[in-house]
Structures are given as structure tokens and as C-alpha cells.
Amino acid sequence: MRTALGIIGYPLNVTFSPAWFARKFADEGLDHWTYEVFPLTDISALPALLAERSDLLGLNVTIPYKKEVIPYLDELDPVATRIGAVNTIRIMEDGQLIGYNTDGPAFLESLAAMLGPGWQGRALILGSGGAAQAVQYALDQLEIPFDVTSRQTSTDTLTYQMIQERGLGVYRLIINTTPMGMSPHVNEYPDIPFRELGPDYYLYDLIYTPEETHFLKRGTKAGAQQGKMAGNVIPSSREILANLDNEMNHETQTALQSALPDFKDTEIAFSYLSDQELRQMSWLFSLMNKPWLVSAGSSIGRWAVQWNIPFARSLVKATLFRQFVGGASLLKSMPTIDKLAQYKTLTILDYGVEAKESEEDFNTTLRENLRAIEFASGNDHVPVVSTKISGLASNPLLEKVQRGDTLTRGEEEAYKAVIKRVEALSMSAYEKGVSVFFDAEESWVQQPIDDMVNAMMRRFNKERAVVYNTYQLYRQDRLDYMIQTAEAARAEGWILGAKIVRGAYMEKERERARELGYPSPIYPDKASTDKAYDDALRYLVEHYETIASCNATHNAESCMKMATWIDEMRADRNHPHLNFSQLYGMSDYLTFNLADCGYNVAKYVPYGRVEEVIPYLLRRAQENASVTGEMSRELELIHKEMKRRQLV
């Protein structure tokens, strides 16, 4: 087991990396992990170090080797390739060395915070080494023009003498990327005309030791504003840390690999519930287990809430809403999200509003989904926002597009608006580090949905799975279609995001097929659907390195099969491409037992006001046979837990 990390550079008199990682290891309870300093007098010594230290998992790289190390690497990530410098090396199990650069993104974040939005000016970069390359990357991202100063005379750079002679002129942002001022040579500083500085100037120093360099002291004395990396370099080395976490998880998972989840373990399944909450859940699920009562209650409840019958909203909110909805708004869903996180369970936000038919409604849904993405970007426990394109488009319009009918000018404009809404959601998710699930819908509107979502995946899924399509495996054509899409993704160089479900419109699909006289697209029996689902699930797990998937099911057998196949593949249980999900308030025996065994699992958490969300929930309960079919099993497990707690 590789349990060593380190940093290479020279002379490495001062680095805070060992202390930072020591705290990391202490927090994780991994006393046997180490972070070491390797002062290499020449980069050519790297191969010998790697040969001697087979326990190394990764290395940070600092001055003067951020550029010089590249010839020794096997692969660079896109950011490192663009910058032309590396600050993090991941050492793979087969000995391959992959270089990353997190300096650029860290500096970008820090600089953007210091300057604020809309800052205008030109930058002067002091130094032309690897750190300067990262700064150039960040300035390009912020669209800030710059020039570079170097001790070496070049047609592409300025000299310090030129700056002294000409003055600072248009340069309002001056960034030191040189080692001048680094401990122990704290009195050294780049020679610029400090006398010209004032409140409109910004000085930034990449040196983090000492805390305030002589360069910054002189600039502050002259009235300039200052900023610095302030320790962002090591914490932002996410690739090495992410892999460190994977190794730590692998270590703890060794004992788990032979212990698959026990879905009959009610203590784990319901540990998040108090005795009173468990009693309430038992009462509610007992009522929901009576089909006639669900049917009657659905009609009465929908009507009573719609017409503001006294106490109807309060009654619904105290029962169904509390059980199955995260909250009336994003902010009010926070306690639910936090509670799920305490039990190792992520949240998929789902704005639970039925499809509407007006452009105003579609734009309202778009704005709410964009707010959800913004909200998710600030919460590590919310990686995904889910939406339906029927909430962004008219179903008759989608149906007309699928039939290939000629659209009127107004319909063409409306369809362009739909594409723009889908694009806006996908772009926002891409920019904010979130993913978006697009739900599947009826077969007669699914093709334009597939086309739009595939276009978004081609555009945004180059580096990670941002956009996911949904495949309903009760349809006889979906398994082949999913595999064909996966093959196209591999050939074109993008990641397929695939959420699979059994299906939600079976009766509607069969009835429409009978009425219009065409063969039903749905399998004739449950066994055929189950086989297609299992085949799709197996395919996704076997190709997990190139396909990101979500097994969205309340079927215990499907969950157990995926858990078993993950272990057979010797894949990490928490690999970001391998995910389970269930609806909030249901199938807790699946969710929390999977989470307890280290698998990635999330709850679909609808949110919205009572009158918005209840129709959505009733539709889900009535249409999704796999959900309602699990009710008796879950009720039985609830009673088992009540007996264990001696509540009955």
C-alpha cells in the first residue's frame, strides 16, 4: 500500500506542505501516512527517487522544476498542457506519471476575489518561469492583458531596466512570480519604480513565506493594495488530494469488499429517525400501502389543496410533504441536505413542479433551476440538479418536432428558445462544477430530448460528466440506443452521462399504442424489463472508466447486483462514475446501507411550495410501479425496526 507523498524542488528551505499534510493525516486518523521533502539538486535525480521510493503516491513540484519536470512525465492534464508547467504529479499504479497544474486555477480564484468583477487594467508579470506561466493562464481567463518582465533579454519580454526607465505607465496590476523575497533571502525584492505606486495599483506576490514579503511591504508603504497566494497552492492540488482520498478509502474498503450491504439491517437504515419520526413513518406508510386509499386520497388531496380547503394544506404539509419533500425552497431544504450528509448521503435537487405550457412558466422553471445550480455550487453535498425538459418546453411542440412536421415561424422561435434554455442550464452546470440530470419522458417526445441532451454532452462532457441523459429500460429500443451512444461518445472523445430507470409511463405508453394502432414500445412483461435493466447496468459498470452512470432505482436486486459488480471489477466504491439514487423519504433501507458500505448514493430531494410539489409527488407515486411496489417491503422493515427499538 502506497502511503507516502512529497514535494520536489531546490533548495526547499521553507515549505508549509509537510505541516498541512500532517494535519490532513491527523484528521483522517492515518498516522502511518507521510509527507516528505525531497530537495533535488538536479531534476535528473527524479527517476532514481521514484525507483527508490515505490511507496510514493504523488508529488508536489516547486521552484525551479515546474517546467523542467515535464520531459519526465507520461501525460499532462489540459490545464498543465496549456500553462506549460506542473505543480502536482500523480504516480499511477503502473508507474505512469501524470502532471497537473493547480497554481493557475488557484491564482485565478484568488486574483478574481481581490480585484472584484469588472476590473479594467493591464498587468505586469515579474518573472518568466513556471509560476509565471500559471499567472498568464489566469490572466487570459480573466481577459486581462499583460506583459512579462525577465532578467533575460528577449523580444517577448521586458527587462527591469526598461521598467525603471519607462516607469509603470499603464500597469496597474504587478505580480511577482520570482523567488526574490523568499525566506531566507527576505530582504530581496524585484526592482520596480515603487515611487509611482498609489491606491489605484495592486501588487500580488506568489511567495507565501514570509507572510508579507519586502516587495509587498514597499508597495503598501507607497499606498498600493496587496494580495498573495496565501497558502492556496497545496490545498488546491485537488488531483493529488483526490487520489490520496481514494487510496485512504481503498485502505478502509479492503475489509468492506467482502461485506456487501445488508438491506435487512434496519438499525442502519433508520438510524437517522427518532422514535417519534419512526412511528409517524409507520403510520403514513401503512396508509399508503392501501391502494384504494391512495387513489381516493390523491384525488381529494389535489382538489383540497387547489381550492384552499381549510386545514388541507396544513394536513398535507404535516404528512406527505414532510416525508417526501426537502423543503418549500432551496434555503429551507438545507436541514434535509445537512442531515443526509451526516449519514454519508448526497442530495440531488429536484424542483418538483409539473410541466406547464406557457413561455412564462418555462422561463420561471429555467430561473429556478439556475438558482438550484448556483446553490449546489456552494454545497459539496449537492453534486447534481435534476430537471425535465417538459418543464422548459411545450409537449405538443416536442411531439411535432419528433414527427418531423413543418413548424410555423412562431414554433421555430419557440423551439430555439427551448434549446437556449437547455444550453443555459448545461453551461451554468459546467461553469459552476455541478452536474445536471435531464429526465426521460414519453416515447413520442423523447427523440428531440435525446438530440438536445446529446448535443450538450458533446459540448460540455469533455473533461467530466456535466450532463446526463436518462434511459427508460422498459422501452425495447433503449438498451441498444444507450450502447450506440456510448460508442459514439468514445469515438468522439466525450464522456457519456447515463442515468437509468425502469420507466414511468407504462400504462400511458400502452394505451396510446392501442389507440393509434402501433406496436407498444414497452416490453410485454416485467421479466423482460428487468433483464434489459440488468444488461444496461452491467454494461455501465464494466465501462465505468469512460461512462458516468447513476443507477436510479428502488429495486433491491438491481442495487445488490451493481454493488457486487463494482467489487468484482475491483473498482473504488466511491468512484465518481458509479452512483446509486433513490427518492427522498423512500427506500431508506437501500440508501443508508449502501452509504454505510462506502458506495456513492444520493437522495432525489424535491423542493417547492405545497401546491407546486404535491401534484408532482402524486404523479410519481402513481406512475412509478417500482416505487409503489417497494412500499410493502419497506413497511415490513419499519415494523422490524420498531420491534428492535421495543416501540411495539
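The values are calculated or read from the model by the stated rules, or taken from the named source; none is laboratory data. Please read these numbers as outputs of a predicted model, since none were measured by experiment. Quick reminder, even Gly has a Cβ in these numbers, built from the backbone with ideal geometry, and neighbours come from all protein chains shown.
Which of the residues spanning region 492-525 are assigned to a helix (DSSP H, G or I) and under 13 Å from Gln472 (Cα atoms)?
Met506, Glu509
Say we look at region 176-216 and pick out the residues that are in contact with a strand residue (DSSP E or B) (Cβ under 6 Å, 6 or more places away or on another chain) and in contact (Cβ under 8 Å) with a residue 60 or more places away in the chain; which of these is farthest from Leu12 (Cα to Cα)?
Tyr202
Can you tell which of Ile70, Ile91 is outside the structural domain of Gly129 (by TED's automatic domain parsing), modelled with pLDDT of 80 or more and within 18 Å of Gly129 (Cα to Cα)?
That would be Ile70, the only listed residue that is outside the structural domain of Gly129 (by TED's automatic domain parsing), modelled with pLDDT of 80 or more and within 18 Å of Gly129 (Cα to Cα).
Got at least one residue in region 95-103 being crowded, with 18+ Cβ neighbours inside 10 Å and more than 26 Å from Pro11 (Cβ to Cβ)?
Scanning region 95-103 turns up at least one residue that is crowded, with 18+ Cβ neighbours inside 10 Å and more than 26 Å from Pro11 (Cβ to Cβ).
Take the residues of region 27-53 that are more than 30 Å from Val186 (Cβ to Cβ) and hydrophobic (A, V, I, L, M, F, W, C): which is modelled with the lowest pLDDT?
Leu30
Is at least one residue of region 460-473 assigned by TED's automatic domain parsing to the domain that holds His577, assigned to a helix (DSSP H, G or I) and on the phi < 0 side of the Ramachandran plot?
Yes, region 460-473 contains a residue that is assigned by TED's automatic domain parsing to the domain that holds His577, assigned to a helix (DSSP H, G or I) and on the phi < 0 side of the Ramachandran plot.
Each row is one residue, and each column tells you yes or no for (1) in contact with a His (Cβ under 8 Å, 6 or more places away or on another chain); (2) among the aromatic types (Phe, Trp, Tyr); (3) part of a helix (DSSP H, G or I); (4) surrounded by 21 or more Cβ atoms within 10 Å (Cβ to Cβ).
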| residue | (1), (2), (3), (4) |
| --- | --- |
| Leu59 | no, no, no, yes |
| Tyr65 | no, yes, no, yes |
| Glu68 | no, no, no, no |
| Val79 | no, no, yes, no |
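Output the residue which, of all residues in region 64-87 that are charged (D, E, K, R) and within 19 Å of Met180 (Cβ to Cβ), is farthest from the chain's Cα centre (by Cα).
Lys67
Which condition from (1) of a type in the set (S, T, N, Q); (2) farther than 26 Å from Ala504 by Cα; (3) touching a strand residue (DSSP E or B) at 6+ places or on another chain (Cβ under 6 Å) is the one that Asn574 breaks?
(3)
Specify the residue that is modelled with the lowest pLDDT; the eligible residues are those in region 586-623 that are part of a loop (DSSP other than H, G, I, E, B) and touching a strand residue (DSSP E or B) at 6+ places or on another chain (Cβ under 8 Å).
The extreme case among them is Gly608.
Kindly provide the set of residues from region 95-112 that are in a helix (DSSP H, G or I) and within 22 Å of Pro71 (Cα to Cα), ordered by number.
Listed by number, the residues that qualify are Asp103, Gly104.
Just for region 579-611: of the residues that are aliphatic (A, V, I, L, M) and closer than 20 Å to Ala376 by Cβ, which one is surrounded by the most Cβ atoms within 10 Å (Cβ to Cβ)?
Among residues in region 579-611 that are aliphatic (A, V, I, L, M) and closer than 20 Å to Ala376 by Cβ, the one surrounded by the most Cβ atoms within 10 Å (Cβ to Cβ) is Val601.
Considering only residues of region 438-463 that are touching a residue at least 60 places away in the same chain (Cβ under 8 Å) and within 21 Å of Pro519 (Cβ to Cβ), which is surrounded by the fewest Cβ atoms within 10 Å (Cβ to Cβ)?
Trp444
Quick check on region 425-437. Is at least one of its residues in a loop (DSSP other than H, G, I, E, B), over 25 Å from Glu515 (Cα atoms) and free of Cβ contacts under 8 Å to residues at least 60 places away in the same chain?
So far as region 425-437 goes, yes, one or more of its residues are in a loop (DSSP other than H, G, I, E, B), over 25 Å from Glu515 (Cα atoms) and free of Cβ contacts under 8 Å to residues at least 60 places away in the same chain.
Just the residues that are over 33 Å from the mean Cα position of the chain (by Cα) and among the charged types (D, E, K, R), please, taken from region 109-128.
Scanning region 109-128 gives a single hit, Arg122.
Scan (1) surrounded by 18 or more Cβ atoms within 10 Å (Cβ to Cβ); (2) farther than 23 Å from Pro193 by Cα; (3) small (Gly, Ala, Ser); (4) more than 24 Å from the chain's Cα centre (by Cα) for the single condition Ala131 breaks and write down its number.
Single failed check for Ala131: (2).
Being at positive phi and touching a His at 6+ places or on another chain (Cβ under 9 Å) is the filter here, so list the residues in region 561-587 that pass it.
Hit for region 561-587 is Ser587, nothing else.
Hey, among the residues in region 533-563 that are touching a Leu at 6+ places or on another chain (Cβ under 9 Å) and part of a loop (DSSP other than H, G, I, E, B), which one's surrounded by the fewest Cβ atoms within 10 Å (Cβ to Cβ)?
Among those that are touching a Leu at 6+ places or on another chain (Cβ under 9 Å) and part of a loop (DSSP other than H, G, I, E, B), it is Thr546.
Looking at Leu425, Leu398, can you tell me which residue is within 30 Å of Glu507 (Cα to Cα) and modelled with pLDDT of 95 or more?
From the options Leu425, Leu398, the qualifying one is Leu398.
Do we have any residue at all in region 588-608 that's at positive phi and in contact with an Asp or Glu (Cβ under 9 Å, 6 or more places away or on another chain)?
Yes, region 588-608 has at least one match.
So which pairs qualify, if the first residue must be in region 138-165 and assigned by TED's automatic domain parsing to the domain that holds Ala123, the second must be of a type in the set (Lys, Arg) and assigned to a strand (DSSP E or B), the Cβ gap must be under 9 Å, and the two must be at least 6 apart or on different chains?
Filtered contacts from region 138-165: Ile144/Arg122; Pro145/Arg122; Phe146/Arg122; Asp147/Arg122.
Which number in (1) crowded, with 18+ Cβ neighbours inside 10 Å; (2) at pLDDT 65 or above marks the one condition that Asn232 misses?
(2)
Take residues that are in contact with a Pro (Cβ under 8 Å, 6 or more places away or on another chain) and either at pLDDT below 90 or farther than 30 Å from Ser271 by Cβ (or both) and tell me which of the helices (runs of 4 or more DSSP H) falling wholly in region 291-347 contain 1 or more.
291-306
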